[in-house]
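S.K.: Sharing a structure with you now.
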Amino acid sequence: MPVITPTFQEVTEAQMLPRLIRLGPNLYGASFTLMKLLPARYILRRAQERGALGPDTSIVETTSGTFGLALAMQAALMRRQLTLISDPAIDANLYRRLTDLGARVEICPEPDPVGGYQAVRLRRLAEVRAEQPDSFCPEQYTNPDNPASYQVVAEQLHTALGQVDCVIGPVGSGGSMCGTVRGLRERTPHTRAIGVDTHRSVLFGQPDGPRALRGLGNSLWPANLDHTVFDEVHWLSATEAYAATRRLHARHALFQGPTSGAAFLAAEWYARQHPDQVCVVMLPDEGYRYQATVYDDAWLAEHGHVLAELPKEPVDADSVDAVDGRWSRLEWRRRAYEDVPGVWAKSAGAPVAAAPSAGTGR
């Protein structure tokens, strides 16, 4: 009998790549346990290799979602001190898990009139870094190691599926979609990219405003978001995304979060329209954080998110300012932000994420 030598991985390495699941004749889901493990692990390991993480260097970051959890998991494994600057959107269960992993979580209680919670969190982040000169900030919005980490996903998709004609996914920092699509286009330049956003997000040209749907969209423009990567953009409401999340679970037994549901709705429609194309939808995280919200009928009813029937197709728009509160679609055509009609001027006040600083401190 041959001797089998077992191999072992850290939990972050073991869970960072997606499972590929067939969702239709030409549609595949890249289903992540926690997508942000991939950039968190890659960024911290690269920083350590470059010497940006010295023996006593602490880690600080601003986040209210899954990137914070991924950092906390990796920081615990690396025995590193971690400080997270967040806001009231962070739920109690996530807060408990972060602190149990050893992270110090600081909540900014009030939003800025322009830039919302993200602007005030960035200011507080700068203050904390001034207090901790030997610190490293992963800066997921600006650090090029964020999109670079998704090269391995592009390799996985190409190896498993060969030619990938279209990738559909939610957009927040810009890392996952820009990094994965760039990697695929090194092999298949025609590969299309469909970004999924939500209304009142500045990412693809709408003015900033309150958003019920968390995990995608943004109140600032991340440097890692390369608009010229995208062929189309879809905007979905929270209600539509929640209903699509439940459909994904009911039809395919995939228990994912609402950003996955939003991407799935757009991907399901696109794949039907293009039966000759191989399509992949990015499904970022599992649904356990949303059991008391998206997966609770009483919560949906209480918050006005009951939808009798999902729309069968998006409403086509010819400019960003024509996009209303429904599921809408715009041909972006790999254009720069300023070249797309109807976009909100960046000079109107939403903050642009600052470029990453070199070294261990500021």
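The values are calculated or read from the model by the stated rules, or taken from the named source; none is laboratory data. Model, not experiment: these values are computed from the prediction. Cβ: placed from backbone, ideal geometry, glycine included. Neighbour counts: every protein chain shown.
S.K.: Can you confirm whether Gly172 is crowded, with 24+ Cβ neighbours inside 10 Å, in the same structural domain as Leu17 (by TED's automatic domain parsing), part of a loop (DSSP other than H, G, I, E, B) and in contact with a Leu (Cβ under 6 Å, 6 or more places away or on another chain)?
M.R.: Here the answer is yes, as Gly172 does meet what is asked.
S.K.: Next question. Report whether or not Ser237 is surrounded by 18 or more Cβ atoms within 10 Å (Cβ to Cβ) and at pLDDT 95 or above.
M.R.: In short, yes.
S.K.: Also: Could you please find all residues in the range 175-200 being in a strand (DSSP E or B) and acidic (Asp, Glu)?
M.R.: Asp197
S.K.: Across the range 225-234, which residue is nearest to Tyr290 (Cα to Cα) among those that are buried (at least 24 other Cβ atoms within 10 Å of the Cβ) and in contact with an Asp or Glu (Cβ under 9 Å, 6 or more places away or on another chain)?
M.R.: Going through the qualifying residues, I end up with His234.
Residue-by-condition table, conditions (1) modelled with pLDDT of 95 or more; (2) surrounded by 21 or more Cβ atoms within 10 Å (Cβ to Cβ); (3) not assigned by TED's automatic domain parsing to the domain that holds Arg192:
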| residue | (1), (2), (3) |
| --- | --- |
| Leu283 | yes, yes, no |
| Tyr288 | no, no, no |
| Leu300 | yes, no, no |
| His303 | yes, no, no |
| Gly325 | no, no, no |
| Lys346 | no, no, yes |
| Pro356 | no, no, yes |
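S.K.: Being modelled with pLDDT under 95, touching a Ser or Thr at 6+ places or on another chain (Cβ under 9 Å) and not polar (S, T, N, Q) is the filter here; which residues of the range 86-105 pass it?
M.R.: Correct list: Asp87, Pro88, Ala89, Ile90, Asp91, Leu94, Tyr95.
S.K.: Which residues, taken from the range 14-25, are surrounded by fewer than 18 Cβ atoms within 10 Å (Cβ to Cβ) and assigned to a loop (DSSP other than H, G, I, E, B)?
M.R.: Hits for the range 14-25 are Leu17, Pro25.
S.K.: Based on this model, can you work out whether Gln132 counts as at negative phi, surrounded by fewer than 20 Cβ atoms within 10 Å (Cβ to Cβ), over 18 Å from the mean Cα position of the chain (by Cα) and outside the structural domain of Trp235 (by TED's automatic domain parsing)?
M.R.: Against the criterion (at negative phi, surrounded by fewer than 20 Cβ atoms within 10 Å (Cβ to Cβ), over 18 Å from the mean Cα position of the chain (by Cα) and outside the structural domain of Trp235 (by TED's automatic domain parsing)), Gln132 qualifies.
S.K.: List every residue pair whose Cβ atoms lie under 9 Å apart, where the two residues are 6 or more positions apart in sequence or sit on different chains, the first residue falls within the range 248-277 and is modelled with pLDDT under 95, and the second residue, located anywhere, is assigned to a helix (DSSP H, G or I) and surrounded by 17 or more Cβ atoms within 10 Å (Cβ to Cβ).
M.R.: Short answer, once both residue conditions are applied: none.
S.K.: Among the residues of the range 127-141, write down those that are assigned to a helix (DSSP H, G or I) and touching a residue at least 60 places away in the same chain (Cβ under 8 Å).
M.R.: Result: Val128, Arg129, Ala130.
S.K.: So how many residues does the range 145-178 have that are without any contact (Cβ under 8 Å) to a residue 12 or more places away in the chain and aromatic (Phe, Trp, Tyr)?
M.R.: The qualifying residues number 0.
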